[in-house]
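*Asks:* I have a structure here, written as structure tokens, and I will follow up with some questions on it.
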Amino acid sequence: MALTAQQKYKVKKFVQELKQYRARHTEFVSVYIPAGYDLNKIMHHLSQEQSTATNIKSAQTRKNVINALERMIQHLKLFKQTPPNGLAVFSGNLDASTGGNDVQVWSIEPPMPINQRIYRCDKDFQLDILEELMDTKEVYGMVVLDTRDAIIAILKGSAIIPLTKTHSHVPGKFKAGGQSAKRFSMNRDLAKKEHLKKVAEYIKNEFLNRDGLKGILIGGPGPIKYELVEGNFITGDIQKKIIAIKDLSYTEEFGLHELLDKCQDILADEEVAQEKKIVGEMLDRLVRDPQKVAYGQVNVKKALEMGAVEDLLISEVVDAAVIDELEEIAKQFNTTVHIISTDTREGVQLKEIGGFGALLRYEV
């Protein structure tokens, strides 16, 4: 399952904090504990590493490693068992460069299960596993076409990523002078067939062996999309992946966004659909019931502190410190917080009205 924008924000913030630290020697400890793994075994292993660390030649490095391991062991004792998705723990002396002693420890339960058990002592904290979690693996294929143009893209998380464009040589519906109607029609049909062959080949190249492909969405004006799907242009393996065919008014990039809008029923459980729905509800309420919505940082925070906010919407571009502050207030009133990406039109609209929005429980 793909991560929500809010889950990505939490991991990203955690990673960014730890990335700013670097040790002079290999004395920062990183430990990844898989889901279901026995914490007692991890603590026993860390105790063994403490014993091994007594052999480190540099007195300062030896002290820093032993202290980091001890701090980590004490931290792990706070957990009764390994969290459901596993645990990533990091420890090190942040003041070692000046000879001081500021040993800190951090831990995070990732939003997806950890399957690797890792112990690492290095100059940096090992954060690549957490960073990989933020990279959405599951995607949808998107194809928008008419008789002249086609564009192929993927939907990854809430982002539409164009991959390939193609333009056909299909002539218009009205024949040029000097051609018979029959010859013109035949030439047009041949050109359209070549166009569909080319589009089908691009679809095969982009989607047949793509990892994490959950389905293909196809749309466009007129009947040509059905000719593509039903006219033996697409291989059986690709046919099985097609989950929606939609009538559209637009092509190219506008058509991709329209296709996404038309497929909300199919994508109901996906992050992009949930984002579009909650922001769309706020924008709709601004028109029909403006007293039950707030926007702008000052107005939203005021309503939040009153306990009037049911759903709090914050753009991902907002400063992390502000997001943290509002989330703390939201917890006091059981307010649902939504971190909204800027990958969709709705997300861009939220950003353009200041980056803050709220659906209210009552008029304020």
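The values are calculated or read from the model by the stated rules, or taken from the named source; none is laboratory data. The structure presented is a predicted model; accordingly, all values stated were derived computationally and were not measured. Note that each Cβ is placed from the backbone with ideal geometry, even for glycine, and that neighbours are counted across all protein chains shown.
*Asks:* Could you tell me whether Asp124 is surrounded by 15 or more Cβ atoms within 10 Å (Cβ to Cβ), acidic (Asp, Glu) and modelled with pLDDT of 85 or more?
*Replies:* Details: surrounded by 15 or more Cβ atoms within 10 Å (Cβ to Cβ): yes; acidic (Asp, Glu): yes; modelled with pLDDT of 85 or more: yes.
For Asp124, the condition - surrounded by 15 or more Cβ atoms within 10 Å (Cβ to Cβ), acidic (Asp, Glu) and modelled with pLDDT of 85 or more - is met.
*Asks:* Quick one: in region 290-309, of everything that is within 18 Å of Glu346 (Cβ to Cβ), out of contact with any helix residue (DSSP H, G or I) (no Cβ under 7 Å at 6 or more places or on another chain) and not small (Gly, Ala, Ser), which residue is surrounded by the most Cβ atoms within 10 Å (Cβ to Cβ)?
*Replies:* Val300
*Asks:* Still on this model: Given Gln20, Gln16, Gln7, which one is exposed (fewer than 12 other Cβ atoms within 10 Å of the Cβ) and within 30 Å of Lys276 (Cβ to Cβ)?
*Replies:* Every option except Gln16 fails the conditions.
*Asks:* Right, next: Could you grab me the full set of residues in region 342-361 that are assigned to a loop (DSSP other than H, G, I, E, B) and touching a residue at least 60 places away in the same chain (Cβ under 8 Å)?
*Replies:* Quick first cut of region 342-361, residues assigned to a loop (DSSP other than H, G, I, E, B) only: 342-344, 353-355, 361.
Listed by number, the residues that qualify are Asp343, Thr344.
*Asks:* Which ones in region 187-200 are charged (D, E, K, R), under 20 Å from Asp237 (Cα atoms) and surrounded by 14 or more Cβ atoms within 10 Å (Cβ to Cβ)? Please lay out each step first, then the result.
*Replies:* Taking region 187-200 as the starting set, the residues that turn out to be charged (D, E, K, R) are 188-189, 192-194, 197-198.
Of the ones still in play, those that are also under 20 Å from Asp237 (Cα atoms) are 197-198.
Passing the criteria: only Lys198.
*Asks:* Then there is this: Identify all residues within region 29-59 that are under 38 Å from the mean Cα position of the chain (by Cα) and farther than 14 Å from Ile73 by Cα; write none if there are none. It would help to see each step written out before you state the result.
*Replies:* Start the filter on region 29-59 by keeping residues that are under 38 Å from the mean Cα position of the chain (by Cα), which leaves 29-47, 49.
Residues satisfying the conditions are Pro34, Ala35, Gly36, Tyr37.
*Asks:* From Glu252, Glu270, which residue is in contact (Cβ under 8 Å) with a residue 12 or more places away in the chain, under 26 Å from Glu194 (Cα atoms), of a type in the set (D, E, K, R) and out of contact with any Ser or Thr (no Cβ under 7 Å at 6 or more places or on another chain)?
*Replies:* Details: Glu270 fails: under 26 Å from Glu194 (Cα atoms).
None of the other options fit; the residue is Glu252.
*Asks:* Criterion first (aliphatic (A, V, I, L, M) and touching a residue at least 60 places away in the same chain (Cβ under 8 Å)) does Leu208 satisfy it? Quick ask: steps written out before the conclusion?
*Replies:* Numbers: aliphatic (A, V, I, L, M): yes; touching a residue at least 60 places away in the same chain (Cβ under 8 Å): no.
Answer is no for this residue.
*Asks:* Identify the residue in region 77-109 that is of a type in the set (S, T, N, Q) and farther than 18 Å from Leu46 by Cβ and, among all such residues, is surrounded by the most Cβ atoms within 10 Å (Cβ to Cβ).
*Replies:* Step one: list which residues in region 77-109 are of a type in the set (S, T, N, Q), which gives 81-82, 85, 91, 93, 97-98, 101, 104, 107.
Next, from what is left, pick out any that are farther than 18 Å from Leu46 by Cβ: 85, 97-98, 101.
Working: Asn85: 17, Ser97: 10, Thr98: 7, Asn101: 12.
In this case the residue turns out to be Asn85.
*Asks:* Out of the residues in region 53-97 that are in a loop (DSSP other than H, G, I, E, B) and of a type in the set (Gly, Ala, Ser), state the one that is farthest from Tyr119 (Cα to Cα). If you could, list the steps in order and put the result at the bottom.
*Replies:* Step one: filter region 53-97 for residues in a loop (DSSP other than H, G, I, E, B), giving 54-58, 77-86, 94-95.
If we keep only those that are of a type in the set (Gly, Ala, Ser) as well, we get 58, 86.
Working: Ser58: 21, Gly86: 14 Å.
Residue satisfying both the conditions and the ranking: Ser58.
*Asks:* Quick one: in region 198-214, of everything that is in contact with a helix residue (DSSP H, G or I) (Cβ under 8 Å, 6 or more places away or on another chain) and not in a loop (DSSP other than H, G, I, E, B), which residue is farthest from His169 (Cα to Cα)? Talk me through it step by step, then tell me what you get.
*Replies:* In the first step, residues of region 198-214 are kept if they are in contact with a helix residue (DSSP H, G or I) (Cβ under 8 Å, 6 or more places away or on another chain); the result is 199-200, 203-204, 207-208, 213.
Of the ones still in play, those that are also not in a loop (DSSP other than H, G, I, E, B) are 199-200, 203-204, 207, 213.
Values: Val199: 13, Ala200: 16, Ile203: 19, Lys204: 21, Phe207: 25, Leu213: 31 Å.
Checked region 198-214; the qualifying residue farthest from His169 (Cα to Cα) is Leu213.
*Asks:* Sticking with this one: Scan region 57-74 and give yes if some residue there is more than 26 Å from Asp319 (Cα to Cα), in contact with an Asp or Glu (Cβ under 8 Å, 6 or more places away or on another chain) and without any contact (Cβ under 8 Å) to a residue 24 or more places away in the chain, otherwise no.
*Replies:* Initial filter on region 57-74 (more than 26 Å from Asp319 (Cα to Cα)): 57-74.
Imposing the further condition that a residue be in contact with an Asp or Glu (Cβ under 8 Å, 6 or more places away or on another chain) reduces the set to 61, 64-65, 68-69.
Going one step further and asking which of them are without any contact (Cβ under 8 Å) to a residue 24 or more places away in the chain, we end up with none.
No.
*Asks:* Let me ask something additional. Out of all the residues in region 222-269, which are in a helix (DSSP H, G or I) and of a type in the set (Phe, Trp, Tyr)? Spell out the reasoning first.
*Replies:* Taking region 222-269 as the starting set, the residues that turn out to be in a helix (DSSP H, G or I) are 224-230, 236-239, 252-262.
Across region 222-269, the qualifying residues are Tyr226, Phe254.
*Asks:* Pull up region 23-52, narrow it to residues that are small (Gly, Ala, Ser) and either farther than 18 Å from Asn101 by Cα or at pLDDT 95 or above (or both), then point me to the one that is surrounded by the fewest Cβ atoms within 10 Å (Cβ to Cβ).
*Replies:* Initially, region 23-52 is screened for residues small (Gly, Ala, Ser), giving 23, 30, 35-36, 47, 51.
Imposing the further condition that a residue be either farther than 18 Å from Asn101 by Cα or at pLDDT 95 or above (or both) reduces the set to 30, 35-36, 47, 51.
Values: Ser30: 22, Ala35: 16, Gly36: 12, Ser47: 12, Ser51: 10.
The qualifying residue surrounded by the fewest Cβ atoms within 10 Å (Cβ to Cβ) is Ser51.
*Asks:* Moving to a separate point now. I need the full set of residues from region 319-329 which are surrounded by 19 or more Cβ atoms within 10 Å (Cβ to Cβ) and without any contact (Cβ under 8 Å) to a residue 60 or more places away in the chain, in order please. Give the steps one after another, and end with the answer.
*Replies:* Going through region 319-329, the residues surrounded by 19 or more Cβ atoms within 10 Å (Cβ to Cβ) turn out to be 323, 326.
Once the filter is applied, which keeps residues that are surrounded by 19 or more Cβ atoms within 10 Å (Cβ to Cβ) and without any contact (Cβ under 8 Å) to a residue 60 or more places away in the chain, region 319-329 yields only Leu326.
*Asks:* Restricted to region 211-240, and to residues that are surrounded by fewer than 19 Cβ atoms within 10 Å (Cβ to Cβ) and of a type in the set (Lys, Arg), which residue is farthest from Ile160 (Cα to Cα)?
*Replies:* Across region 211-240, the extreme among qualifying residues is Lys240.
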